[in-house]
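The values are calculated or read from the model by the stated rules, or taken from the named source; none is laboratory data. What you see is a predicted model, and the numbers here were worked out from it, not measured in a lab. Cβ atoms come from the backbone with ideal geometry, glycine included; neighbour counts cover every protein chain shown. For accessibility, only protein heavy atoms count, side chains too; no ligands or nucleic acids. Shrake-Rupley method; radii C 1.70, N 1.55, O 1.52, S 1.80 Å.
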Amino acid sequence: MTTTLQPPVRPAPAGRATPHKVLAKAGLYVFLLANAAFVTYLFNVAGVGSNKLINFGRLAGLYGALAMAFQLLLVARLPWLDRRLGMDKLTSWHRWIGFTIFFTLVGHLVFIALGNAGADGPIAEVIRQATELEGILRALVAWAIIMVVGIVSARFARRRLAYETWHFIHLYTYVAIFLAFSHQVAVGSTFRKSALATGYWWGLWAFALGSVLIGRVVLPAYRNWKHQFRVAAVVPEAPNVVSVYIEGKDLDRLGAKAGQFFLWRFLTKDRWWQANPFSLSAAPNGKYLRLTAKALGTGSADIRNINVGTRVFAEGPYGAFTTMHQTKPNALLVAGGVGVTPVRALLEEIKGHVVVLYRVSDPREAVLLRELEGLARAKGAVLRLVTGSSKAITANGPLLGPENIVALVPDVQDRDVFICGPGGMTDAVITSLDELGVPSNQIHAERFALAN
């Protein structure tokens, strides 16, 4: 089918942001700013000393403690936040709050040490306090852990570490938070100054830790006890691709949506400790859940050998890559590589007229193509394979450049665009959509990054 190139598109007016995202973002901002203001109030009520360096150090420590509590809320994987913002957005917040903790705690130690420094200097003062005052040594251990985690989380270090190594180091953050809290209880003057301050800090930490306990332990355990997930079938889709069908009890009450993903643990003696994030490759139907995996690593490759009847521990559903955030009657779905799995599920559930751009280097690599073709025919959707090398240039420019996108989908400005694929492809499509003036609230992309 030939489509003529349209004239340059004028930037579209910004559309309304989805109320779900606005409410979630506003809630997080209000929570953080209100607590920061209250922490500042409690600091002033506790009494500001004459030593400005110590004052700066104390306040930095309080903001650092608040940031730690907020960080726990971000990693709790609470369904209300996750379904509105998405795991990747929460992970982005997690990263920036992490560096906020890093710098506030650096300031806390440095300013306190300088403010208390005698003739022997700040380092000698830190050593003296660590050996003489209760809680200081615990604080220094917590500080050291946070420094290590901050350094290995920097991009230059993160690229050089295996994920498993980085993840293992990252888990020590929980130890640091416990030690920091015990330090605050032991020596925090603001914490102990009044019943209001003590009640506030105990309440804040209880809320943060309770959120983690509920989101990371209680909810997954309850869902798995309730639904009793098991492998119903393992179906090869291609030489290196397999679909796994998961059955269970009352799946219609699970609340999963097309486009979401789970962390799957197949409870065999050699795999129970591995959690693999896989999107649903078919819309939930109340009878089964389906994931489709490509053999990209040892864990994915072994899935084809899973026996029918194997118990499954599933954490989720996670993600905001759903029709919940659709703002327009029609949609464009862009898939690349294994990113086709959530797109295929979305095509089954999404309403309105749909265009699907499926980006693969070679048509033989198009996983689930027959299913997509069947769904497209049934829904009256348009499916187009975009094939060729990443350097290929069409008559309308790069394969996923703005000119070629508007040639393939002339009314792209009037559609919601859902994108899932490799990071480079996703970035290229978003850049092209920005150049075409597609409002940002109509662009939905989720990279399924996990905050720990």
request  = First select every other residue whose beta carbon is under 14 angstrom from the beta carbon of F43; then total the charges, Lys and Arg +1, Asp and Glu -1.
outcome  = +4
message = Tell me the angle of helix 122-132 to the major Cα principal axis of the chain, expressed in degrees between 0 and 90 and rounded to the nearest ten.
response = 80
ask   = Going by average Cβ neighbours within 10 Å, how do the peptides 343-353, 263-273, 241-251 rank, with the highest at the top?
value = 343-353, 241-251, 263-273
inquiry  = If I take all pairs of Cα atoms in segment 331-447, what percentage of them are more than 25 Å from each other?
reply    = 13
inquiry  = Can you order the peptides 252-260, 148-156 by their average number of other Cβ atoms within 10 Å per residue, highest first?
reply    = 252-260, 148-156
query = How large is Rg over Rh for the chain, taking Rg from the Cα atoms and Rh as the Kirkwood inverse mean of 1/r across Cα pairs?
reply = 1.04
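Given the rule -39500 (n - 2.57) for each run of at least 4 DSSP H residues, summed and divided by the residues of the chain, what is its mean residue ellipticity at 222 nm, to the nearest 500 deg cm²/dmol? Intermediate results must be reported in sequence, preceding the final value.
On the way: 16 runs with 225 residues, N = 452.
So the helix-based figure for the chain works out to -16000 deg cm²/dmol.
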task = Please report, to one decimal in angstroms, the Kirkwood hydrodynamic radius of segment 28-223 built from all distinct Cα-Cα pairs.
result = 17.8
key: Spatially proximal aspartates and glutamates relative to K287 (Cα-Cα < 15 Å; intrachain offsets below 8 disregarded)   = E247, D250, D252
Per-residue SASA entry for F31, accessible area with 1.4 Å probe, Å² rounded to 10 = 50
query = Per residue, what accessible area does segment 28-223 have, given a 1.4 Å probe and all protein chains present, in Å²?
reply = 51
task = Give me the aspartates and glutamates in straight-line cross-link reach of K52: C-alpha distance below 15 Å, same-chain residues under 8 apart excluded.
result = none
ask   = By average Cβ neighbour count within 10 Å, what is the ranking of 95-104, 218-227, 53-62 from highest down?
value = 53-62, 95-104, 218-227
inquiry  = Compute the helix-to-body angle for 340-349: its Cα long axis versus the longest principal axis of the chain, expressed 0 to 90° and rounded to tens.
reply    = 70
ask   = What does the charge count near R415 come to, summing +1 for each Lys or Arg and -1 for each Asp or Glu among other residues with Cβ under 13 Å from its Cβ?
value = -1
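Give me the tail of P(r) for segment 228-318 as a percent: Cα-Cα pairs with distance above 20 Å. Could you put the intermediate results ahead of the total?
Working: 1039 of 4095 pairs.
The answer is 25 percent, as a whole percent.
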